[in-house]
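**Student:** Following this message is one structure expressed as structure tokens.
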There are 2 protein chains.
Amino acid sequence: MTTNPSPAARTAVEYFEKWTAKDLDGAMAMLSDDFVSHTPSGRVEGPKAYAEFLRGFVQILTGAHIIAVFGDEYTALMYYDTSSAPVPDGPGAEWFRVEDGVIVEGRIVFDRLPFEAARAAQGG
Amino acid sequence: MTTNPSPAARTAVEYFEKWTAKDLDGAMAMLSDDFVSHTPSGRVEGPKAYAEFLRGFVQILTGAHIIAVFGDEYTALMYYDTSSAPVPDGPGAEWFRVEDGVIVEGRIVFDRLPFEAARAAQGG
């Protein structure tokens, strides 16, 4: 993993380690109450709604590792790969805005297509 | 745009400016002959094949801007947003490995789902 020792990057890594360890409560505790995320399926507001956004994926997650993470005092950028039963190689990237160690805004991008294809194949 | 003044980040920005200005030849000239990219649709090898991978999107691209870019001497990470006729808000992220100002390896992630949906809606 490539990284630089910035405060925001450290926060992003800690957050990643929590949610990929399926500690959704621990991860959500790192988000501000007015946290907003720009996701492939639209804007998600607040830690509670974001937990719902992540929960289904976290349940099927079998592996995740960071490919690179960089940042400065207030911004972090991360690229990672994930494995899950339907999608063995599912990369994602996230951008974070961090204030005093708390994540106040996020952007997440990943390819929904293989997940949708797996769902369709299951008749769901 | 958030950035740090690393050599690899500068290369990534120059590359982004070229392809989003539809200068595909100029962008491809920044890739090594044995360039490999890990894309949502699989592994793409060589600048020629990568130009084909990008061409359709470049043709419909109407706008693009970098949200953040960071890097060190050999690695860059970039998060951006794009606009195109079928997908007005199409973010993407790229990871680059750079050697002597030349991009030797890339990873790109974006959500193919809205592009596929637009294609399906057009009966294509």
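The values are calculated or read from the model by the stated rules, or taken from the named source; none is laboratory data. Predicted model only: the values in this text are computed from it and were never measured. Backbone-built Cβ (ideal geometry, glycine too); neighbour counts: all protein chains shown. Heavy atoms of the whole protein, side chains included, go into the accessibility calculation; ligands, DNA and RNA do not. Shrake-Rupley method; radii C 1.70, N 1.55, O 1.52, S 1.80 Å.
**Student:** Specify which of the listed residues (B:GLY101, B:GLY123) is touching a helix residue (DSSP H, G or I) at 6+ places or on another chain (Cβ under 9 Å), at pLDDT below 95 and more than 11 Å from chain A (Cβ to nearest Cβ).
**Tutor:** B:GLY101
**Student:** Restricting to segment B:1-20, and then to whatever is open to solvent by less than 70 Å² (accessible area, probe 1.4 Å) and of a type in the set (A, V, I, L, M), can you tell me which residue is farthest from B:ILE66 (Cα to Cα)? It would help to see each step written out before you state the result.
**Tutor:** Here is the first cut: in segment B:1-20, the ones open to solvent by less than 70 Å² (accessible area, probe 1.4 Å) are B:2-4, B:6-9, B:11-13, B:15-16, B:18-20.
Keeping just the survivors that are of a type in the set (A, V, I, L, M) gives B:8-9, B:12-13.
Working: B:ALA8: 15, B:ALA9: 12, B:ALA12: 11, B:VAL13: 8 Å.
Filtering segment B:1-20 for residues that are open to solvent by less than 70 Å² (accessible area, probe 1.4 Å) and of a type in the set (A, V, I, L, M), the one farthest from B:ILE66 (Cα to Cα) comes out as B:ALA8.
**Student:** Those residues that are open to solvent by less than 30 Å² (accessible area, probe 1.4 Å) and either on the phi > 0 side of the Ramachandran plot or β-branched (Val, Ile, Thr) (or both), I need them from segment A:86-122; list them, please.
**Tutor:** A:VAL87, A:VAL98, A:ILE103, A:VAL104, A:ILE108, A:VAL109
**Student:** Looking for something within 12 Å of chain A (Cβ to nearest Cβ) and open to solvent by less than 70 Å² (accessible area, probe 1.4 Å) - is there at least one such residue anywhere in segment B:40-61? Walk me through how you get there before you give the answer.
**Tutor:** Going through segment B:40-61, the residues within 12 Å of chain A (Cβ to nearest Cβ) turn out to be B:40-43.
Narrowing further to those that are open to solvent by less than 70 Å² (accessible area, probe 1.4 Å): B:40, B:42.
Scanning segment B:40-61, I find at least one residue that is within 12 Å of chain A (Cβ to nearest Cβ) and open to solvent by less than 70 Å² (accessible area, probe 1.4 Å), so the answer is yes.
**Student:** Restricting to segment B:65-85, and then to whatever is away from chain A (no Cβ under 14 Å) and in contact (Cβ under 8 Å) with a residue 24 or more places away in the chain, can you tell me which residue is surrounded by the fewest Cβ atoms within 10 Å (Cβ to Cβ)?
**Tutor:** First, pick out the residues of segment B:65-85 that are away from chain A (no Cβ under 14 Å): B:83-85.
From the residues that got through so far, the ones that are in contact (Cβ under 8 Å) with a residue 24 or more places away in the chain too are B:84-85.
Numbers: B:SER84: 20, B:ALA85: 9.
Within segment B:65-85, the match that is surrounded by the fewest Cβ atoms within 10 Å (Cβ to Cβ) is B:ALA85.
**Student:** Given the structure, is B:GLY90 touching a residue at least 24 places away in the same chain (Cβ under 8 Å) and facing chain A (nearest Cβ under 10 Å)?
**Tutor:** On the way: touching a residue at least 24 places away in the same chain (Cβ under 8 Å): yes; facing chain A (nearest Cβ under 10 Å): yes.
Judged against the criteria, B:GLY90 is a match.
**Student:** Tell me which of these B:PRO5 doesn't satisfy, since it passes every other one: (1) part of a loop (DSSP other than H, G, I, E, B); (2) under 18 Å from A:ALA76 (Cα atoms); (3) in contact (Cβ under 8 Å) with a residue 12 or more places away in the chain.
**Tutor:** Just one mismatch for B:PRO5, condition (3).
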